[in-house]
Amino acid sequence: MKGGIVGVLCSALLLAVEAACAPNSDAITKVPGFKPNKWVARTWEGNNYACKCHPGDYCWPKQNHWNNLNRTVGGNLRVNLPPGAPCYNTFQGPLGTVNTYDAAKCAAVTAGFPNEQFQIELPTAGLWTYFTNDTCRPTADPTGSCTLGYYPVLYITAKTVAHIQAGINFARNNNLRLVIRNTGHDFLGRSVGWGSLVINTHSFKSISTTNNWNGPGYNGPAITVGAGVQAFEALAHLNSLSPPRIMVTGECATVGVAGGLVQGGGHGPLTNFYGFLADTAVQFKVITADGKIQTANANTNSDLFWALKGGGPAAFAVITEVTYKTFADTPSAGINLDINPATNSDPALYWEAVRKFHSYSTHFVDNGLYVYYEIGPVPNTLHVHPIVGVNKTLAQLQAVVQPLFDDLDALGVGYTTSSETYGTFYDLYNAMFEIEMAGNSALTGGWTIGRQDVINNHTAIIDAFQTVMNAGSFIVGHMWSAGHGLPQSEWAKSAINPRFRNVVDKLITIVPVSGDAPLAAKAEAQNRLTNIVDGSLRAAAPNGASYINEADPFQPDWQNAFWGTNYQRLLQIRRKYDPEGVFYAVSTPGTERWEQIETGTRLCVKL
Ligand SMILES: Cc1cc2nc3c(=O)[nH]c(=O)nc-3n(C[C@H](O)[C@H](O)[C@H](O)COP(=O)(O)OP(=O)(O)OC[C@H]3O[C@@H](n4cnc5c(N)ncnc54)[C@H](O)[C@@H]3O)c2cc1C
Ligand SMILES: *[C@@H]1O[C@H](CO)[C@@H](O)[C@H](O)[C@H]1NC(C)=O
Ligand SMILES: *[C@@H]1O[C@H](CO)[C@@H](O)[C@H](O)[C@H]1NC(C)=O
Ligand SMILES: *[C@@H]1O[C@H](CO)[C@@H](O)[C@H](O)[C@H]1NC(C)=O
Ligand SMILES: *[C@@H]1O[C@H](CO)[C@@H](O)[C@H](O)[C@H]1NC(C)=O
């Protein structure tokens, strides 16, 4: 019987143009969710794989199937063009070659490419372009080649919950690679994907608030946001209330608050007080892999509720709406600090200053401060922008920070500093956090530093920072403690790695590398990131962990690094809600056997 099914599969494959039929593909029938004629057998580097259906495969849906889907989603299905396509004479896509040059559109995309919101509004752009493969960047030379790279093939601009359901059902029934795309901020390439169908959730912009949410596990003020709402929109809405209120968001105002952020955890300037964004979620409305609309809260689907709070993005369901706790806004103060070659020309003194600055991480978070800083990319540069004192007067903030400034003065290092006080945290957030850029290509990684590491091993930590810089990387740091204000009784209510409760600094490491660099250069950069840059931080800070949203996609021992003791439970929940692997994002629970083979293209299960 099994042989029969494989026979059907292989003969179908032989009819297909180029797909090779793997030997010993009995194992393909044991893939969860196996359906005859819906898997493609491949071999790659000596291993056998069962792959999803991609363009050109015998099982890729026919035109009339796409037309049916298009009708079901209200005509909102589109063939994807890379954002840079208007700058090229032609775009050579998997579905054919089209003329694309348009001078006005090219000028607009060239000007807009570094702008986050411009890229967010594009249906399939990845703001960090490395994982798009950079095969069609805006250019002044229209004769160059523009191909799809790792951008998706088609997308649905979902306007209703039914559109999302239709997209999930179509992807599941046809065994297509499905990508959920919200703002496209993802550092790990999870909102793009070769050969995929995208469901874009950016249009879900509803916002409502109440003073007395009355649901399982929580009674009190709350905000309910649609899947596409971004931090600046939710915060502006809360600020317009009387009295103004706030919620936990990232430091970046353009990140979505109901997509990848909450599913990865979501840390920000208020994390010292209320924990992660995930810790403040009280209810989700979602669509599961079977296409059903579900509610997840402390009573209903409570396992799914727990997993959606930090268990990994695009792993358990598609979120359509989330309800979060809100909090009273308070006066706040901020301080900036800069050391750079203009203020100090002595590299040895610079590193002594960094060592002093960083040795205060425990002191800062114990006093409720949030500190955003950058070391590099310009050598011998420390840019601390800002140190935030929520619910503190400037005098109270200065009292906490003064020992650092005394130490810097004693060292004799030059620096510049400024400070400001604001009537609300909201005003500080808008004024002090700097605008971030889109359109850069880099590999990102990261690690967090445990309180115990700062106490035990601080010399080695700063030595590791030097190793990171010498390896052509740089650091973005965020000092917070997710266990400072949130009572311990609340910690296990979300899937966040328990180790994060004792973290005092969360680092992002960045290794610039172009998405169209030669494969050998890409492999070298990946190896440098994993083994030298992040490797040195892991060794110096063994009490740390890794944050799924700001990490190396190829983080070693990722299950433990991202989720620690929560991993086994997350694995069970994944198997329950998405047994067939309808959803996929790299290094999320249950994806052990999934790989993007053939140089980051076909998504397959290893047999
Ligand atoms: C400039 C910048 C600043 C950042 N600052 C912070 C910060 O301060 N704190 C912090 O914690 N993180 C921060 N991040 C990281 C951020 O958490 C991740 O990039 C996150 O994945 C963004 O989620 P998104 O939904 O906005 O983006 P997307 O890239 O669209 O989606 C990210 C992931 O979530 C999935 N997803 C999106 N929407 C849904 C949905 N409705 N249902 C199911 N899955 C969905 C996607 O499939 C993808 O896997 C920052 C990132 C950038 C680029
Ligand atoms: C979907 O339908 C709309 C409206 O009829 C049309 O403009 C669009 O080209 C169709 N999409 C595809 C992929 O055929
Ligand atoms: C991706 O880029 C690499 C070069 O970095 C290239 O070898 C490969 O063919 C590209 N793949 C696609 C699908 O664009
Ligand atoms: C702000 O701090 C004061 C003490 O200085 C405290 O009484 C108050 O509860 C705090 N407000 C918030 C919202 O944390
Ligand atoms: C301190 O860091 C060094 C260098 O990375 C590492 O070998 C050592 O195990 C660390 N020690 C402790 C106690 O964490």
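Some observations on this one:
- Restricting the trypsin sites (Lys or Arg not before Pro) of region 269-347 to loop positions (DSSP other than H, G, I, E, B) with no more than 16 neighbouring Cβ atoms within 10 Å leaves LYS292.
- Exposure rank, largest accessible area first [SER418, SER242, SER546; 1.4 Å]: SER242, SER418, SER546
- Radius 14 Å from Cβ of SER302, net charge of other residues (Lys, Arg +1; Asp, Glu -1): +3
- The spread of Cα positions in region 332-565, taken along each principal axis and listed from longest to shortest, comes to 52, 49, 36 Å.
- Three-way shape label, region 207-328, alpha-carbon gyration tensor, a/c 1.5: prolate
- Accessible area in square angstrom per residue, region 255-414, 1.4 angstrom probe: 28
- Solvent-accessible area, 1.4 Å probe, carbon plus sulfur percent, for the chain: 53
- Averaging over all projection directions, the Cα-based convex hull of region 336-379 occupies 3.3 nm² in the image plane.
- Cross-link partners of LYS325 among aspartates and glutamates (Cα-Cα below 19 Å; sequence separation of 8 or more within a chain): GLU233, GLU251, ASP279, GLU490
- Centre separation in Å (Cα based) which lies between region 109-171 and region 181-217: 16
- DSSP bridge orientation in the chain - percent antiparallel, rounded to nearest 5: 85
- The stretch between SER206 and SER345 holds 44.9 nm of extra length on full extension. This uses 0.36 nm per residue minus the Cα-Cα distance.
- In this simple spin-label model, placing a label point 7 Å from the Cα along the Cα-to-Cβ direction at both ARG575 and GLU121 gives a separation of 4.7 nm.
- Scattering from region 489-600 was approximated by placing one identical point on each alpha carbon and applying the Debye formula without solvent; log10 I(q)/I(0) at 0.15, 0.22 1/Å stands at -0.77, -1.30.
- Long-range HN-HN contacts of ARG181 with modeled amide H, under 5 Å: ILE199, ASN200, THR201
- Over 22 Å (Cα to Cα) - which of LYS285/LYS493; LYS285/LYS576; LYS38/LYS309; LYS159/LYS309; LYS38/LYS606; LYS309/LYS576 fall in this group: LYS38/LYS309; LYS159/LYS309
- Relative contact order (%) - the chain, alpha-carbon pairs under 8 angstrom, separation at least six: 15
- With Cα atoms as the point set, the chain shows a radius of gyration and Dmax of 24.4, 80 Å.
- Of the chymotrypsin sites (Phe, Trp or Tyr not before Pro) found in region 169-221, no site is in coil according to DSSP while having at most 10 other Cβ atoms within 10 Å of its Cβ.
- Signed unit charges on C-beta, dipole axis of region 332-565, positive-most listed residue THR444, ILE496, ILE339: ILE496
- Rounded to the nearest 10 square angstrom, HIS54 shows an accessible area of 0 square angstrom against a 1.4 Å probe.
- Distance from the alpha carbon centroid of region 582-598 to that of region 472-522 works out to 21 angstrom.
- Each residue of region 112-128 is assigned a 3J(HN,Hα), and the resulting list reads x, 3, x, 8, 4, 5, 4, 6, 4, 6, 6, x, 9, 5, x, 5, 9 Hz, derived from the Karplus form 6.51 cos²θ - 1.76 cosθ + 1.60 (θ = phi - 60°), x at Gly and Pro.
- Summing charges over neighbours of GLY450, with a neighbour being any other residue whose Cβ is under 12 Å away from its Cβ, gives +3 when K and R count +1 and D and E count -1.
- When the alpha carbon gyration tensor of region 317-406 is reduced to an equivalent ellipsoid, its three semi-axes come out at 30, 19, 11 angstrom, largest first.
- SER242/ILE435 FRET efficiency (R0 35 Å; Cβ-Cβ; nearest 0.05): 0.75
The values are calculated or read from the model by the stated rules, or taken from the named source; none is laboratory data. Note that this is a predicted model, so its numbers are computed, not measured. Ideal geometry is used to build each Cβ from the backbone, glycine not excepted, and the neighbour counts take in all protein chains shown. Ligands, DNA and RNA are stripped out before the accessible areas are found, and what is left, the full protein with its side chains, is counted by its heavy atoms. Shrake-Rupley method; radii C 1.70, N 1.55, O 1.52, S 1.80 Å.
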